[in-house]
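*Asks:* Supplied in structure tokens, the structure appears directly below.
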Amino acid sequence: MLNIKKKNRSLLPESVRYLVADGYYCRAKFWDAVRNSNLNLISKLRSDANLKYLYTGEKNQIGAPRKYDGKVDCNKLKNLTFIKEVKPGVKLYSLVVWSISLKCKIRLACLSELQPNGKIKNILLFSTDIELTGEQILEYYQARFQIEFIFRDAKQFTGLSNCQSRSGQCLDFHFNASLIALNVRIQV
């Protein structure tokens, strides 16, 4: 995994700073490979993610300084900072917390949605770049789905996954032809 990321990083422009990935990739091994490629990760967390509040109180004179101020309960958003109401019934909150699994500070962006049955559903997005705002994290993560729709349509309508060749040149041609056919279909 690490070698693949370093090899592919050289193909990207220097201006690319973020890798947006599905929640499946929110693992320490993947994060280490992304970090070694000088990229920041934007992804989704499980609702029961192991996160800790950062301690901001007074320092004790005795012993090691306190780092954490308790476990984050994603069902109680009282310590998170309200940013804005994205749409009616959906609120965006944000806070910098410590991720136990990634072993680093992350910027948490929590979408809190009021369900029709009266319950609240929280969706946890995060970025390893703690300077990003919650709005930017949401915007980047939503942009990922536009790409997913393109691949879904290419598989369904233009045969993206139907090539039987093993030659790299033939595969490149097939993928390009499939995506071009999709764009032509959309434009007409």
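The values are calculated or read from the model by the stated rules, or taken from the named source; none is laboratory data. Given the structure is predicted, the values throughout are model-derived calculations rather than measurements. Positions of Cβ are generated from backbone atoms using ideal geometry, with glycine treated the same way; all protein chains shown enter the neighbour counts.
*Asks:* Do any residues in region 133-146 that are touching a residue at least 60 places away in the same chain (Cβ under 8 Å) have Cβ atoms under 6 Å from those of residues that are assigned to a helix (DSSP H, G or I) and exposed (fewer than 14 other Cβ atoms within 10 Å of the Cβ), where the two are at least six apart or on different chains, and which pairs are they?
*Replies:* Filtered contacts from region 133-146: no entries.
*Asks:* Starting from region 152-171, take each residue that is under 21 Å from ASN183 (Cα atoms) and polar (S, T, N, Q) and list its partners that are exposed (fewer than 14 other Cβ atoms within 10 Å of the Cβ) and modelled with pLDDT under 90, counting only C-beta distances under 8 angstrom and pairs at least six apart or across chains.
*Replies:* THR158/ARG185
Rundown of residues vs (1) assigned to a loop (DSSP other than H, G, I, E, B); (2) in contact with a Lys or Arg (Cβ under 8 Å, 6 or more places away or on another chain); (3) over 23 Å from ASN38 (Cα atoms), yes/no style:
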position	(1), (2), (3)
ASN117	yes, no, yes
ASN122	no, no, yes
ASP129	yes, yes, no
CYS170	no, no, yes
PHE173	no, no, yes
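*Asks:* For the structure I just gave you, tell me whether ILE137 is surrounded by fewer than 17 Cβ atoms within 10 Å (Cβ to Cβ), of a type in the set (Val, Ile, Thr) and in a helix (DSSP H, G or I).
*Replies:* No.
*Asks:* Inspect all residues belonging to region 26-41 and state whether any of them is aromatic (Phe, Trp, Tyr), surrounded by 13 or more Cβ atoms within 10 Å (Cβ to Cβ) and part of a strand (DSSP E or B).
*Replies:* no
*Asks:* Can I ask one more? Select from region 57-107 the residues that are in a loop (DSSP other than H, G, I, E, B), more than 18 Å from the chain's Cα centre (by Cα) and under 30 Å from ASN36 (Cβ atoms) and list them in ascending order.
*Replies:* Within region 57-107, ALA64, PRO65, LYS67, VAL72 meet the criteria.
*Asks:* In region 146-184, what residues are of a type in the set (Phe, Trp, Tyr) and surrounded by 11 or more Cβ atoms within 10 Å (Cβ to Cβ)?
*Replies:* PHE151, PHE157, PHE173, PHE175 - these are the residues of region 146-184 that are of a type in the set (Phe, Trp, Tyr) and surrounded by 11 or more Cβ atoms within 10 Å (Cβ to Cβ).
*Asks:* Go through (1) farther than 24 Å from LEU51 by Cα; (2) of a type in the set (Asp, Glu); (3) touching a residue at least 60 places away in the same chain (Cβ under 8 Å) for ASP129 and report which single condition fails.
*Replies:* Here ASP129 meets the rest and fails (1).
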